[in-house]
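Worksheet for the structure shown next.
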Amino acid sequence: MIKKLDMIFPKDYVDKIICGDCLEIMKQMPDECIDLAITSPPYNLKNSTGNGLKNGKGGKWANAALINGYKDHDDNMPYNEYIEWQRKCLSEMFRLLKTDGAIFYNHKWRVQAGLLQDRREIIDGFPVRQIIIWRRKGGINFNKGYFLPTYEVIYMIAKKKFVLSKGANSYGDVWDFTQDMNNIHPAPFPIDLIYRIVSSTNAKLILDPFSGSGTTAVASLLLKRNYIGIELSKEYCSLSEKRIKRNKKSPEYMKEGELFFGK
Ligand SMILES: C[S@@+](CC[C@H](N)C(=O)[O-])C[C@H]1O[C@@H](n2cnc3c(N)ncnc32)[C@H](O)[C@@H]1O
């Protein structure tokens with residue numbers, strides 16, 4: 001059953017970080033009201049057949065913070081429940097997209113019980129147009145049975161009329177961006193990755209239903225687009241608000257008038 005929230009679209013949504021459950025909140029929004037969704041859901045990393053994260057051996061890596069899960073989500077759902085949840089989230093995002101919109105859905109493939117788990121159960125049936133490889137600096141899942149995984153994937157799930165902004169296709173489909181090491185959130189997007197995505201589209205209103213520390217909102221703001229962020233944890237919501245405020249005064253990622261792109 002859908003819990004009716006006392007919120008009016010667009011007034012209570014646009015340029016806001018909404019603190020709550022993303023499915024509940026997306027369900028209150030009208031069809032075809034956003035241009036773009038960019039998101040990275042919890043990866044369910046603690047539901048694992050055994051790797052560095054589960055064993056608490058994160059080493060020096062920032063992502064070792066994920067050993068503890070998120071503030072209000074333990075990242076440990078039964079596998080089938082997780083798949084069903086993520087498919088519901090994608091269905092809602094897809095319903096909210098305009099006919100020329102797209103979803104950039106970031107996820108991580110991993111080896112479970114010796115076999116590649118490539119997340120196809122989540123995206124099966126959605127119109128995936130392209131997979132972008134986000135090559136990170138190094139990795140954390142050391143295992144003698146396979147090479148150290150160093151990339152994540154971004155599924156570009158596009159409605160038929162979606163096109164990129166002029167010239168953006170020349171970025172190609174393998175992107176190098178170093179993970180953000182200066183964020184107290186355990187799994188933030190690097191801002192320049194999201195800047196790349198937003199600036200590669202003509203989107204005016206951008207949704208991130210798992211907005212974490214508000215990186216999508218900040219990148220949208222820098223590019224003078226509108227955003228809607230949804231995040232379960234009150235602590236991350238207030239972290240995002242502070243970050244957005246600070247960026248309105250002086251963009252933290254500007255140096256000599258230029259934004260940093262992939263390193
Ligand atoms: C991978 S992180 C996103 C990080 C974000 N991309 C950033 O740059 O900071 C996933 C986020 O989803 C949030 N989350 C978990 N369950 C949620 C739910 N049901 N609704 C909204 N957010 C949720 C977690 O608290 C976590 O901050």
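Nothing in this text is a laboratory measurement; each read-out follows from the coordinates by a stated rule. Quick caveat: nothing in here was measured; it's all calculated off a predicted structure. When we count neighbours, we look across all protein chains shown, and the Cβ atoms used for this are built from the backbone with ideal geometry, even at glycine.
Listing for the model above:
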read-out: Compactness relative to 2.2 N^0.38 Å, alpha carbon Rg of the chain; value: 0.97
read-out: Mean separation of Cα contacts under 8 Å (6+ apart) over length of the chain, as relative contact order %; value: 24 percent
read-out: Theoretical ellipticity at 222 nm over the chain - DSSP helices of four or more residues, -39500 (n - 2.57) apiece, nearest 500; value: -6500 deg cm²/dmol
read-out: For the chain, Cys with no neighbouring Cys Cβ under 4.7 Å; value: 22, 33, 89
read-out: Projected label distance in nm at residue 85 and residue 161, using a 7 Å step from Cα toward the beta-carbon; value: 3.5 nm
read-out: Violating pairs (Cα-Cα greater than 27 angstrom) within the set 159/224; 11/108; 11/204; value: 11/108
read-out: Region 162-237 and region 88-135: distance between their alpha carbon centers, rounded to Å; value: 16 Å
read-out: Estimated vicinal HN-Hα couplings, Hz - region 203-216 in sequence order (Karplus 6.51, -1.76, 1.60; Gly, Pro = x); value: 5, 9, 10, 10, 10, 10, x, 10, 7, x, 8, x, 4, 5
